[in-house]
1. Take the residues of the stretch 23-64 that are small (Gly, Ala, Ser) and free of Cβ contacts under 8 Å to residues at least 40 places away in the same chain: which is nearest to Phe213 (Cα to Cα)?
2. For the subset of the stretch 70-87 comprising residues that are more than 23 Å from Phe58 (Cβ to Cβ) and free of Cβ contacts under 8 Å to residues at least 60 places away in the same chain, which member is farthest from the ligand (Cβ to nearest atom)?
3. Condition first: within 16 Å of the ligand (Cβ to nearest atom), surrounded by fewer than 17 Cβ atoms within 10 Å (Cβ to Cβ), under 18 Å from the mean Cα position of the chain (by Cα) and of a type in the set (D, E, K, R). Can you find one or more residues in the stretch 127-146 that meet it?
4. Considering only residues that are closer than 20 Å to Leu178 by Cα, more than 8 Å from the ligand (Cβ to nearest atom) and touching a Lys or Arg at 6+ places or on another chain (Cβ under 8 Å), which ones fall in the stretch 88-118?
5. Would it be correct to say that Gln37 is of a type outside the set (Ser, Thr, Tyr), over 24 Å from Leu11 (Cα atoms) and surrounded by fewer than 17 Cβ atoms within 10 Å (Cβ to Cβ)?
6. Do the conditions hold for Arg147, that is, is it within 21 Å of Ser113 (Cα to Cα) and touching a residue at least 40 places away in the same chain (Cβ under 8 Å)?
7. Which members of the stretch 8-24 meet the condition of being within 14 Å of the ligand (Cβ to nearest atom) and under 17 Å from Val205 (Cβ atoms)?
8. If Ala121 passes every condition in (1) crowded, with 16+ Cβ neighbours inside 10 Å; (2) more than 15 Å from the ligand (Cβ to nearest atom); (3) over 30 Å from Val164 (Cβ atoms); (4) not polar (S, T, N, Q) but one, which one does it miss?
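Throughout, read-outs are computed from the coordinates displayed, never taken from laboratory work. Quantities reported herein were computed from a predicted structural model and do not represent experimental measurements. As a convention, Cβ positions derive from the backbone with ideal geometry for all residues, glycine included, and neighbour counts pool all protein chains shown.
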Amino acid sequence: MSGFSADWLALREPFDVNARNADVLDAVIATLAGNTQPRIVDLACGTGSTVRTLAPYFSPGQTWKLVDNDLSLLARAADLTKHTGVSVITAPVDLNHDLEAALDGAVDLVTTSALLDLVSAPWLERLAVETLARSIPFYAALSYDGRVEMGPAHAMDKAIVAAVNRHQRSDKGFGPALGPDAATAAVAQFEKLGCVVVHGEADWVAGPKDRDFQNEVLAGWASAVRETGDVPLTDIVDWLTFRRDQVAAGTSSLRVGHVDMLARPGKR
Ligand SMILES: C[S@@+](CC[C@H](N)C(=O)[O-])C[C@H]1O[C@@H](n2cnc3c(N)ncnc32)[C@H](O)[C@@H]1O
């Protein structure tokens with residue numbers, strides 16, 4: 001599985017659902033309480049994980065505009081109306097170039113998940129300014145924050161995670177990515193502009209039975225670390241072999257730090 005393949009997004013979705021921070025989610029639900037026809041824009045929607053997760057909490061009159069630049073993922077997201085009954089339209093947009101177009105029209109809430117660690121500081125500022133200028137609340141779930149716990153321990157864990165975090169900062173189409181700084185930067189950016197921000201941890205937690213998920217994450221990290229050149233190849237192979245053996249033996253656990261946030265325009 002590569003990058004943002006539909007298979008990978010499907011594999012991670014249950015872990016994302018479990019990870020979402022309940023207090024932040026409650027605040028999101030409260031934001032749209034009483035709105036019988038909420039209009040929501042989901043940025044970088046993938047196959048529509050955010051719709052599947054949030055739709056049951058909102059009025060049946062909800063409508064979603066789903067935005068992504070991957071046409072194959074968008075085609076799957078377009079099927080959501082059939083599966084969820086909620087009204088969905090899709091918009092093929094490169095958010096680096098046309099963020100403003102994605103936000104145009106009447107919007108009650110902007111959502112995203114697993115996007116902010118891909119974007120740069122200037123793009124994050126642009127997003128904050130554009131949502132605030134339109135007085136739209138903004139919910140960003142599952143921004144990776146650099147915390148990783150693996151069990152049992154291996155001598156290379158620290159070096160591997162440091163290299164993963166360095167790789168996270170490489171350009172993902174928006175300029176140098178915020179990577180593990182995304183969550184802190186996003187909270188600070190929206191607060192600086194006067195928003196009231198609710199935020200909290202939303203970690204992936206995988207146990208011994210979650211073999212496919214752990215193997216996929218570990219393989220992705222090994223490949224990212226190889227690209228950085230920070231760790232000798234033989235050390236990466238030793239580390240990955242150890243980790244995969246633990247997964248196969250049912251003795252491996254993994255916790256990956258993420259943060260959810262909701263920013264609401266403050267009174268000015
Ligand atoms: C990690 S996936 C998250 C997908 C979805 N939000 C989820 O949680 O399952 C990141 C998403 O960002 C989209 N993306 C990346 N760069 C983009 C860009 N420049 N414009 C629009 N979408 C982009 C990818 O196509 C992918 O769907």
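1. Of the residues in the stretch 23-64, the ones small (Gly, Ala, Ser) are 27, 30, 33-34, 44, 46, 48-49, 55, 59, 61.
Checking which are free of Cβ contacts under 8 Å to residues at least 40 places away in the same chain leaves us with 30, 33-34, 55, 59, 61.
On the way: Ala30: 32, Ala33: 35, Gly34: 38, Ala55: 25, Ser59: 33, Gly61: 35 Å.
Out of the qualifying residues, it is Ala55.
2. So the first thing to find is which residues in the stretch 70-87 are more than 23 Å from Phe58 (Cβ to Cβ), and the list is 70-72, 75.
Next cut, free of Cβ contacts under 8 Å to residues at least 60 places away in the same chain only: 71, 75.
Details: Leu71: 9, Ala75: 12 Å.
Going through the qualifying residues, I end up with Ala75.
3. no
4. The answer is Leu99, and nothing else.
5. Values: of a type outside the set (Ser, Thr, Tyr): yes; over 24 Å from Leu11 (Cα atoms): yes; surrounded by fewer than 17 Cβ atoms within 10 Å (Cβ to Cβ): yes.
Considered against the rule, which asks whether it is of a type outside the set (Ser, Thr, Tyr), over 24 Å from Leu11 (Cα atoms) and surrounded by fewer than 17 Cβ atoms within 10 Å (Cβ to Cβ), Gln37 comes out as yes.
6. Details: within 21 Å of Ser113 (Cα to Cα): yes; touching a residue at least 40 places away in the same chain (Cβ under 8 Å): yes.
For Arg147, the condition - within 21 Å of Ser113 (Cα to Cα) and touching a residue at least 40 places away in the same chain (Cβ under 8 Å) - is met.
7. Keep residues of the stretch 8-24 that are within 14 Å of the ligand (Cβ to nearest atom), which gives 8-20.
Once the filter is applied, which keeps residues that are within 14 Å of the ligand (Cβ to nearest atom) and under 17 Å from Val205 (Cβ atoms), the stretch 8-24 yields Leu11, Arg12, Glu13, Pro14, Phe15, Asp16, Val17, Asn18, Ala19, Arg20.
8. The one condition Ala121 does not meet is (3).
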